[in-house]
Amino acid sequence: MMTTETGATADPVHLGDSASSIMNKVQEITGEIPQKQLTVEDLHRMSEPVKRLVEAGRVLSVLDDEDGRRSARITLQDGQLYLHSLLRQPTPAHAHTLQESEVVGMLEPSCTLAFLDLGWAGSTRGRVTIQLTPDTPLARQFVLLCTGQRGHTYRNTKLLEVWDKGHPGEWVEGGDYESNDGRGGASLLPDLQGQYWRSGWAGAVFIWFEPGGPRGAQFSISTRDRQDGRQWSGVFGDVVSGLDVVRAAVNHSDITEVTVVDCGVVLPR
């Protein structure tokens with residue numbers, strides 16, 4: 001039985017005998033979305049029930065392959081949706097799941113944003129958000145390694161080395177998902193040639209090694225402007241927030257103690 005705002009008693013809701021019928025009616029009354037009925041369009045609309053699910057950590061993106069299922073968290077922070085890296089982890093019993101291919105399909109080549117969460121000394125220090133050059137192979141590879149769709153990910157990789165530390169043109173190198181010591185990080189895509197740009201400004205995200213080579217998935221981030229008139233080539237992105245986090249990492253006593261605690265992409269709303 002339910003009581004209306006006027007105090008009158010509404011008609012009884014007959015829930016039936018089965019547990020599933022009871023749950024469906026409870027969901028109908030409370031506005032809860034039944035499991036297996038959440039869609040990507042629901043994420044776009046972000047109604048209050050969907051928002052509650054996301055904030056409760058009950059919405060996951062899943063990918064099934066020959067080795068089983070991997071899942072990725074979808075979180076909401078400051079009104080922005082984030083898709084985190086895929087992990088092999090148990091799926092919570094009451095989670096709503098969406099196929100990874102459908103969620104990634106929300107991304108538009110013209111507005112692809114990725115993120116790296118950096119941490120050291122036992123805690124996460126901040127998020128670095130990167131605007132990727134639209135529809136280029138290096139940008140697509142970066143997204144693959146931030147989401148883990150191909151099985152490899154930047155998650156738990158170290159930053160490897162700081163170049164020109166304390167001087168104009170300072171930059172940091174990372175992204176060896178294979179050996180985590182700077183000797184690996186092979187390209188995931190066969191052809192990484194594309195229309196890239198040059199930059200001498202802090203915040204440029206670029207490739208230092210030969211595209212397509214054994215270290216072609218490593219990335220570099222500049223932390224100070226150049227003053228010699230030279231520029232970095234192979235630039236495929238730009239830090240739009242969190243450059244202060246990268247600079248703090250560069251000033252840590254040992255750059256190899258700085259890790260990518262988490263990574264992923266920003267989903268458009």
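Here are the numbers for this structure:
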{"item": "Qualifying residue in the range 206-227 (condition: in contact (Cβ under 8 Å) with a residue 40 or more places away in the chain, of a type in the set (Lys, Arg) and under 17 Å from VAL162 (Cα atoms))", "result": "yes"}
{"item": "So GLY169, is it in contact with a Lys or Arg (Cβ under 6 Å, 6 or more places away or on another chain), touching a residue at least 40 places away in the same chain (Cβ under 8 Å), open to solvent by less than 10 Å² (accessible area, probe 1.4 Å) and over 16 Å from VAL261 (Cα atoms)", "result": "yes"}
{"item": "Residue that is most open to solvent (accessible area, probe 1.4 Å), among those in the range 183-205 that are of a type in the set (Ser, Thr, Tyr) and farther than 21 Å from GLY166 by Cα", "result": "TYR196"}
{"item": "Selection within the range 228-269 - open to solvent by less than 10 Å² (accessible area, probe 1.4 Å), in contact with a helix residue (DSSP H, G or I) (Cβ under 8 Å, 6 or more places away or on another chain) and within 17 Å of LYS165 (Cα to Cα)", "result": "ALA249, VAL258"}
{"item": "LEU243 vs. criteria modelled with pLDDT under 95 and either of a type outside the set (Ser, Thr, Tyr) or farther than 17 Å from ALA114 by Cα (or both)", "result": "no"}
{"item": "Single condition PRO137 does not satisfy, out of (1) within 15 Å of the chain's Cα centre (by Cα); (2) crowded, with 19+ Cβ neighbours inside 10 Å", "result": "(1)"}
{"item": "Some residue of the range 25-36 being modelled with pLDDT of 85 or more, out of contact with any His (no Cβ under 6 Å at 6 or more places or on another chain), assigned to a helix (DSSP H, G or I) and surrounded by 14 or more Cβ atoms within 10 Å (Cβ to Cβ)", "result": "no"}
{"item": "Count of residues meeting criterion [open to solvent by 10 Å² or more (accessible area, probe 1.4 Å) and not β-branched (Val, Ile, Thr)] in the range 140-158", "result": "9"}
{"item": "Residue match in the range 238-256 (condition: assigned to a loop (DSSP other than H, G, I, E, B), in contact with a Pro (Cβ under 8 Å, 6 or more places away or on another chain) and at positive phi)", "result": "no"}
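The values are calculated or read from the model by the stated rules, or taken from the named source; none is laboratory data. The structure presented is a predicted model; accordingly, all values stated were derived computationally and were not measured. Ideal geometry is used to build each Cβ from the backbone, glycine not excepted, and the neighbour counts take in all protein chains shown. When the accessible area is computed, the model is the full protein with side chains, heavy atoms only, and any ligands, DNA or RNA have been set aside. Shrake-Rupley method; radii C 1.70, N 1.55, O 1.52, S 1.80 Å.
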